Amino acid sequence: MKLFTYSEAITLFSILAPVTAMAIHQGPELIAAPNRNSDFSFYCRSGKSYNKNYLMGEVRHAINLIGESRTFLIHPEPFEEVQYQISGEQWFYPLQDGSRDHVVFTRDAQVAGVVHLMIRDNGERYYDPCIIT
């Protein structure tokens, strides 16, 4: 039986140590969705707050639009930019005319969250999750 030499052991350790120290990548962080059986509201960077009753009304309206002809409609549409801990395909729909706030929901009318459209100086767009309160 051959024993490792000192240099072989150091080489093996220098290869394995960084690998064992690396965190296992789990994919994007999932954001908790509100409990559909509880009251909730969201506060956004826009300074606006949206309660459960208002959001549920908007979601019901958006779900009705999903089934209609999509010739002239741009919303609601599938949404994958922010991932919530919720089962089913995520959709989003704007809240109020001219607002950058959007409700994120599933087709079974569960609110996943609310996001605010942000635009960087270079024109890049991204969605910032609003805070559940």
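Here segment 87-129 is the region considered, the condition is being within 15 Å of Ile63 (Cβ to Cβ) and charged (D, E, K, R), and the residue that is surrounded by the most Cβ atoms within 10 Å (Cβ to Cβ) is Arg107. Condition test on Ile132, is it surrounded by fewer than 21 Cβ atoms within 10 Å (Cβ to Cβ) and out of contact with any Cys (no Cβ under 9 Å at 6 or more places or on another chain)? When the stated conditions are applied, Ile132 passes them.
Can Ile63 be described as surrounded by 14 or more Cβ atoms within 10 Å (Cβ to Cβ) and over 17 Å from His116 (Cα atoms)? When the stated conditions are applied, Ile63 passes them. Under the condition of being in contact with a strand residue (DSSP E or B) (Cβ under 7 Å, 6 or more places away or on another chain) and part of a loop (DSSP other than H, G, I, E, B), the residues counted in segment 88-106 number 5.
Only residues that are of a type in the set (D, E, K, R), at pLDDT 90 or above and either over 15 Å from Phe92 (Cα atoms) or not in a helix (DSSP H, G or I) (or both) were counted in segment 41-72, giving 3.
The values are calculated or read from the model by the stated rules, or taken from the named source; none is laboratory data. Keep in mind it's a predicted model, so treat the numbers as computed, not measured. FYI the Cβ positions are ideal-geometry reconstructions off the backbone, even for glycines, and counts take in every protein chain you see.
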